[in-house]
Amino acid sequence: MHPMLNIAVKAARRAGQIINRASLDIGQLTVGVKQQADFVTEVDKLAENAILEILGETYPEHAILAEESGSSGRADAEYQWIIDPLDGTTNFIHGFPQYAVSIALAHKGVLSHAVVYDTTRNDLYTASKGAGAFLNEKRMRVSKRNRLDEALLGTGFPYRSFAHIDTYLAIFRELAQKTAGMRRPGSAALDLAYVAAGRLDGFWEFGLSPWDMAAGALLISEAGGLVGGPTGEPTYLDSGNMIAGNPKIFAQLLQTIAPHLTPALKR
Ligand code: 2AM
Ligand code: CA
Ligand code: CA
Ligand code: CA
């Protein structure tokens, strides 16, 4: 394992310990609301601090983009860590066991290492650019399913910004009729890990943040899948609008979604 990935794994496991310990006593959680339906707990912050401490000890010169503390470091830093200490906070608060730690490293803007850690199952998803994607010790591949009518898709409902809800629902209506099913587990990072592992054949969501997507995106591309914006362009990390899947399903998703897109979603 590459030393940088190794440090990321160490940080993810430390955050996972904090999350798992706290999950035994969710009745004691103090829940804050950042904005309407956007919740944060002290566990999100403790987990993030633990990650930042481990990364900072080893790589003090690297820049950081983390959900709870924002960005820090030099704008011209070669390396940037993109961190979601707890993806699926709403699930965590409810004791619904579907959440994860997500840590990615970008080198000169290119994703190079990724960890998604499913703390409730102790499942570790990792990837390094050019070296493949792994679930624990085992190599991951995206699914080979090539028919949309046999495909199981993951998605996330709009929850904060409802700018694209009509478009979202129109696409949902069409895909609900054209696919084998859709799942909305509530942790985007873990949904993307499932695409990489071949459990989901595709995924789509609008309005995501970079820390929801960065690690999962590298898992998918290293597992042989494709990731892009709604028209296939590579700008999803900026726009937050993301389509992913095995290559066959990715292409069919783009085709299905295209006629619904508004100008704002084509940017
Ligand atoms: P979070 O738990 O790290 O905030 C995509 O759906 C992402 O949106 C989730 O992975 C989740 O990341 C975030 N999110 C925040 N509030 C949400 C809510 N009320 N419902 C669904 N997702 C939410
Ligand atoms: Ca959040
Ligand atoms: Ca998140
Ligand atoms: Ca989070």
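What follows is calculated from the coordinates using simple rules that are stated; it is not laboratory data. Because the structure is predicted, anything quoted here is derived from the model rather than measured. We place every Cβ from the backbone using ideal geometry, glycine too, and count neighbours over all the protein chains shown.
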Is it possible to state the helix-based mean residue ellipticity at 222 nm for the chain, with each DSSP H run of 4+ residues giving -39500 (n - 2.57), the sum divided by total residues, to the nearest 500 deg cm²/dmol? What is it? -11000 deg cm²/dmol
My understanding is that a pair violates if its Cα-Cα distance is over 24 Å; which of Lys178/Lys248; Lys108/Lys138; Lys45/Lys108 do that in this structure? Lys108/Lys138; Lys45/Lys108
Just from the alpha-carbon atoms, what are the Rg and Dmax of region 72-189 in angstroms? 17.1, 48
If I fit a long axis through the Cα atoms of helix 165-178 and take the longest principal axis of the Cα atoms of the chain, what angle between them do I get, 0 to 90°, rounded to 10? 70
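To the nearest 20 Debye, how big is the dipole of the chain about its Cα centre, given +1 on the beta carbon of each Lys and Arg and -1 on that of each Asp and Glu?
Charge dipole, the chain, about its Cα centre: 840 debye, nearest 20.
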Looking at region 17-101, which trypsin sites (Lys or Arg not before Pro) are DSSP coil and have at most 13 other C-beta atoms within 10 Å of their C-beta? Arg74
Relative packing of peptides 117-128, 152-163, 95-106, 173-184 - highest average C-beta neighbours within 10 Å first: 95-106, 117-128, 152-163, 173-184
What is the P(r) of the chain, as percent of Cα-Cα pairs per 10 Å bin from 0? 7, 32, 36, 21, 3, 0
